[in-house]
Every structure is written in C-alpha cells, then in structure tokens.
Amino acid sequence: MADENTLNKIMDEYEELRMKSALERQKRIEEVNRNIPRIGEIDKEIFRLGVQNTTNIFKNPEKKDEYNSSFKSSLKLLTEEKESLLNENKIDRNYDKYVYSCSECSDTGYMPDGKKCRCFKQKLINEAYSMSNMAEIVKNQNFNTFSFDYYSKESQNGETSPYENMVRIYNSCKRFCENFDGEVKSLLFYGPTGLGKTFLSSAVAKEIMDRGKTVVYTRATRLFAMNDDYKFGRNADKSLIDNVYSADLLIIDDLGTEPYNKNSISFLFDVINERIAQNKKIIINTNLQINELTKLYSTRFTSRLYEYFILYKFYGEDIRIQKLKEF
C-alpha cells in the first residue's frame with residue numbers, strides 16, 4: 001500500500017492539473033469574448049434567463065410548464081445565434097469546456113463508481129518504482145522524437161545496414177503498440193549500449209500509457225532487489241511485486257547487470273511464465289548477446305524467449321559517442 005505522503009503528493013498533482021485546466025479554459029473564454037463581445041453577452045443572457053426561470057418556478061410552481069417552455073424557446077434562439085457566430089469565426093464549439101489530462105476521471109483520480117482510475121494506478125506505480133520522472137522522459141524519448149540519423153546506411157559483414165535494421169525495429173515497435181491487446185509477442189532488445197534500446201522502450205511505454213494501460217518500467221537490479229527485500233522481510237509492501245505480474249506492460253531494463261543468484265533467476269522465470277499465461281506483454285533490454293544470456297540463465301530461459309518473444313538485435317556505432325564528436 002502507498003504511504004500517506006505518496007497519496008497526498010498524487011492528490012496534489014491532480015489538484016494542480018484541475019487548476020491548470022480551469023485557468024486555460026478561462027483564458028479561452030476571455031479571448032473569445034474579447035474578439036467577439038456578442039458571444040459573452042449571449043452567455044450572460046442565458047445565465048440571467050436561467051436564474052429568472054428558477055426564481056419564477058420557485059414563486060409560482062403551478063406555472064412551471066409555462067415558464068420552462070418560455071425559457072427553452074429563448075434558450076434555443078440564443079444558442080443558435082451563438083453557434084452561428086462560432087461557425088462564422090471558425091471557433092471550436094468546445095472552447096468553453098474543461099480539457100483534462102485524463103478524460104476518464106476528469107483529473108480527480110477516481111471513476112464515478114468510486115474506484116481508482118487507471119491514471120491513479122499508474123501514478124502509484126510510478127512512485128513505487130521510482131518512475132516519477134517518467135512523464136519527462138517520454139516527452140523526450142518517444143516515436144516522434146526518435147531519429148534515424150545516427151544509424152549508418154552502409155552494411156557490414158553481410159548484415160543489413162544499421163539504418164535498415166533500426167527502421168525495421170522501429171516499425172515493429174509501432175505495430176506492437178497498435179496490436180497490444182491482441183496476440184502480439186513480447187519483445188527482447190539485445191546489443192551493445194547506446195544504440196536506442198532504452199529509447200524505444202520509453203517510446204513504447206508512452207504509447208501504451210497514452211492508450212490507458214499501466215506500465216511498470218524498472219531496471220533488472222531494482223526488480224530483483226525488490227523481490228529479495230519482500231521475500232526476506234525487509235519490505236512488506238506486496239503491491240510492488242503484485243504490480244510486476246499485473247501491469248499491462250512490464251519493461252525490464254539492463255537484464256544481466258544484476259548480481260547472480262538462484263532466487264533472482266527463479267523469480268524471473270516465474271514472472272515471465274505468469275505474464276505469458278495471462279497474455280501480458282514484456283519488453284526486455286539487455287547488453288548481452290543471446291549466447292551470453294544462455295550461459296547466465298540457462299538454455300531453458302532462452303528457449304522461452306525464442307518461443308514467446310521477438311528478438312531484435314541492435315548494432316551500429318554508439319549514439320552517445322557520436323553526439324560527443326559533434327561538439
């Protein structure tokens with residue numbers, strides 16, 4: 001369970017989002033009224049008539065139908081005039097509506113039935129797995145910002161050029177997102193550092209979160225440390241482990257960098273098997289080659305990868321080194 005400080009932090013974030021939405025709405029209304037004063041006058045007249053109608057009904061309830069009929073007629077004329085002005089001036093008729101970051105819960109964190117919204121669940125996951133900066137990461141690392149400029153178009157050793165290889169992987173990642181709820185296989189990215197494995201994983205994470213799904217993105221070392229902490233009683237928060245199994249997408253970064261122990265391997269097998277059984281997708285990033293994964297985790301492990309994952313080899317020149325050369 002999340003502690004009180006975490007919950008308060010999340011609720012404060014929601015309050016800030018609602019305030020931002022209200023301020024932006026007010027700015028749009030003021031701009032429209034400034035440019036087309038008649039629209040503001042119509043809104044005031046509609047409000048005045050509404051108040052007057054309510055007052056009239058309160059004073060003379062027996063004339064309710066008469067008052068409502070008169071109000072509806074006036075409202076219809078004013079609404080039609082306003083819509084005509086909006087159309088003439090090419091103004092979105094929803095300009096005066098609130099625009100929330102989450103349309104499902106209106107940035108409250110809760111659904112109409114009182115259950116936590118999926119965005120609340122994702123915020124809890126972000127906090128639990130130190131992913132609170134995930135929003136900033138995916139702003140910079142997404143499909144729209146991905147660049148192929150650092151991948152050579154020259155092939156070597158009979159392999160497809162790094163550029164063609166990356167175009168293929170990029171397109172496959174897009175298809176993975178588009179078919180996420182179907183029978184698409186999980187993904188394994190392997191190859192040296194600095195070639196875009198983490199970048200593309202972040203791009204997929206953003207796309208999946210934008211579709212209203214939950215994502216756990218964690219380094220392998222942290223994942224196995226969390227399991228050990230729970231197993232040996234150093235941390236009683238079972239939700240950390242539960243989320244690894246239940247999140248719509250699990251991304252494990254830097255597999256193979258964690259300290260070797262039998263508990264970690266057993267846990268990894270269990271996570272993969274359980275998620276496969278539930279048709280829940282996984283992305284694994286590793287700097288190791290497939291034969292190195294076999295030596296580290298066993299033939300049984302890589303056999304599982306070949307059966308349920310699509311394996312993508314990353315190769316080329318380290319992008320970080322290329323960027324340093326530019327300065």
In degrees, nearest ten, helix 4-35 long axis to first principal axis of the chain (Cα): 50
Euclidean distance between Cα centres, the stretch 281-327 to the stretch 45-93, Å: 64
Three-way shape call for the stretch 132-326 based on the alpha-carbon gyration tensor, with the a/c threshold at 1.5: prolate
Candidates Leu250, Leu188, Leu75, ranked by Gaussian network fluctuation over the chain, Cα under 10 Å, top entry: Leu75
Additional length obtainable on full extension of the chain from Asp149 to Met11, 0.36 nm per residue less Cα span: 45.5 nm
Prolate/oblate/rounded call for the stretch 4-89, Cα gyration tensor, a/c under 1.5 rounded: oblate
For the chain, with +1 on Lys and Arg beta carbons and -1 on Asp and Glu, the positive-most of Phe120, Ser298, Ser264 along the dipole: Ser298
GNM top mover of Glu24, Glu207, Glu66 - the chain, alpha-carbon springs below 10 Å: Glu66
Val204, Val271 arranged by Cβ crowding within 10 Å, fewest neighbours leading: Val271, Val204
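Suppose R0 equals 51 Å. What FRET efficiency, 1/(1 + (r/R0)^6) with r the Cβ-Cβ distance, do Lys44 and Ile310 give to the nearest 0.05?
That pair, Lys44 with Ile310, gives E of 0.25.
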Cα gyration tensor shape for the stretch 182-275, rounded if a/c is under 1.5, else prolate or oblate: oblate
GNM flexibility winner over the chain from Ser298, Ser70, Ser101 (Cα, springs under 10 Å): Ser70
Computed magnitude of the charge dipole of the stretch 138-192 (debye, nearest 20; Cβ of K, R +1, Cβ of D, E -1): 120
Dipole magnitude of the stretch 43-135 about its Cα centre (Cβ charges: Lys, Arg +1; Asp, Glu -1), debye to nearest 20: 300
Mean ellipticity per residue at 222 nm, deg cm²/dmol - from DSSP H runs of n ≥ 4 across the chain, formula -39500 (n - 2.57): -19000 deg cm²/dmol
Dipole of the chain [Lys/Arg +1, Asp/Glu -1 at C-beta], most positive-end residue of Ser152, Asn33, Ile91: Ser152
Viscosity 1.567 mPa s, temperature 4 °C, Stokes-Einstein D of the chain from Kirkwood C-alpha radius, µm²/s: 54
Amide hydrogen neighbours beyond the local backbone of Ile251, cut-off 5 Å, H modeled: Val216, Tyr217, Thr218, Ile283
Cysteines having no other Cys beta carbon under 4.7 Å from their own, within the chain: Cys173, Cys177
Environment charge of Lys281, counting only residues whose C-beta is closer than 10 Å and scoring Lys/Arg +1, Asp/Glu -1: +2
Dipole magnitude of the chain, debye to nearest 20 (Cβ charges: Lys/Arg +1, Asp/Glu -1, about Cα centre): 260
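Can you give the local net charge around Ser69? Use residues other than it whose beta-carbon is closer than 12 angstrom to its beta-carbon, Lys and Arg +1, Asp and Glu -1. Please report the intermediate quantities before stating the final value.
Numbers: positive: Lys63, Lys64, Lys72, Lys76; negative: Asp65, Glu66.
Surrounding charge for Ser69 is +2.
Read-outs: derived from the displayed coordinates by stated rules, not from any lab. On a predicted model such as this, the values are computed, not experimentally measured, just so you know. Here the Cβ is made from the backbone with ideal geometry for all residues, glycine too, and neighbour counts use every protein chain on show.
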